[in-house]
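Comments concern the structure below.
The values are calculated or read from the model by the stated rules, or taken from the named source; none is laboratory data. A quick note: this is a predicted structure, and the numbers were derived from the prediction, not measured. As a convention, Cβ positions derive from the backbone with ideal geometry for all residues, glycine included, and neighbour counts pool all protein chains shown. Areas reflect the complete protein model, heavy atoms only, side chains present, ligands, DNA and RNA absent. Shrake-Rupley method; radii C 1.70, N 1.55, O 1.52, S 1.80 Å.
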Amino acid sequence: MKERTPVRDRFRGKVAIVTGGSAGIGFATVRELCREGASVALTGIEPDLGAGVEKDLKGEGFDVLFLGGDMAEERFCASVVRDAHAKWKRVDFLVNNAFSFVAKGRDAERSDWERTYQVGPIAYATMAANVAEPMKRSGGGAIVNVSSISARIAQPNRWTYNSAKGAVENLTRCMALDLAPLGIRVNSVSPGWIWTREVEKAAGGDRAKWEPVWGEYHMLRRLGEPVEVAAAILFLLSSDAAFITGADIPVDGGYQGLGSEGLGSASQFAGSH
């Protein structure tokens, strides 16, 4: 098998763990890490999908390991770190990406709340706690938590998801403070509307119809691509971000910077000073 030459060598010899790495933002992150020389362990709850991703990436000459399981299970979180370290004898990076998209409001049942938080901030914290010592032994490293624009805004019938993403924001800062003495930086990214499976499902597969509508919520007038979020994640993992910790990068096309007027096209004040 011919080894593929990485685009850059930023992560040559490094080992990363990416949760929820078989689709969407997670998959894009795994692939970009591989292209830049890293060995990557990826998790997923769909075994066939994950095995297919592993096979395809190995076919391209990349060094990957798929670990199937549920991030809500504490034992599985520990086994992911253990298996990755056993294979490569080090862990340098963690990308906490897997998250349960349960969007409910007043109708949310306790089981909805439990699932959202277990496969969310609790899993993020559990993974970070497990990876801290191996990462320290590898000379330090970096963690990136995938948050969301939903962490900072109110959206209808989204008590569960938005509050859990809000928890990720402050969890990131607390992690950054406590793990800094171990040489570990912790940051987050907050994506806007990204064309992933969930968004595609909401659009009924019709991107041409819905992207202009949803693009009205973004200054750049379009939805983002998973690889654009991955690029921000890789920056935060890299030595280029060596003095950045406890921070969040919005990868949202200007979503959070817009006021209630949106793009202003329908406002009588558009273009006024």
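Considering every residue within region 140-151, establish whether at least one is out of contact with any Leu (no Cβ under 7 Å at 6 or more places or on another chain), open to solvent by 60 Å² or more (accessible area, probe 1.4 Å) and not hydroxyl-bearing (S, T, Y).
Scanning region 140-151 turns up no residue that is out of contact with any Leu (no Cβ under 7 Å at 6 or more places or on another chain), open to solvent by 60 Å² or more (accessible area, probe 1.4 Å) and not hydroxyl-bearing (S, T, Y).
Can you tell which of S138, S150 is without any contact (Cβ under 8 Å) to a residue 24 or more places away in the chain and touching a Lys or Arg at 6+ places or on another chain (Cβ under 8 Å)? Give the derivation first.
Details: S138 fails: without any contact (Cβ under 8 Å) to a residue 24 or more places away in the chain.
The conditions single out S150.
Could you list, in sequence order, all residues of region 220-234 that are closer than 20 Å to K209 by Cα, open to solvent by less than 70 Å² (accessible area, probe 1.4 Å) and either among the acidic types (D, E) or touching a helix residue (DSSP H, G or I) at 6+ places or on another chain (Cβ under 9 Å) (or both)?
If the condition is that a residue be closer than 20 Å to K209 by Cα, open to solvent by less than 70 Å² (accessible area, probe 1.4 Å) and either among the acidic types (D, E) or touching a helix residue (DSSP H, G or I) at 6+ places or on another chain (Cβ under 9 Å) (or both), then L223, E225, P226 are the ones that fit.
How many residues does region 126-137 hold that are within 24 Å of E46 (Cβ to Cβ) and open to solvent by 20 Å² or more (accessible area, probe 1.4 Å)?
Summing the residues that are within 24 Å of E46 (Cβ to Cβ) and open to solvent by 20 Å² or more (accessible area, probe 1.4 Å) in region 126-137 gives 2.
From (1) under 24 Å from A103 (Cα atoms); (2) out of contact with any His (no Cβ under 6 Å at 6 or more places or on another chain), pick out the condition that doesn't hold for Y255.
So Y255 meets the others, but not (2).
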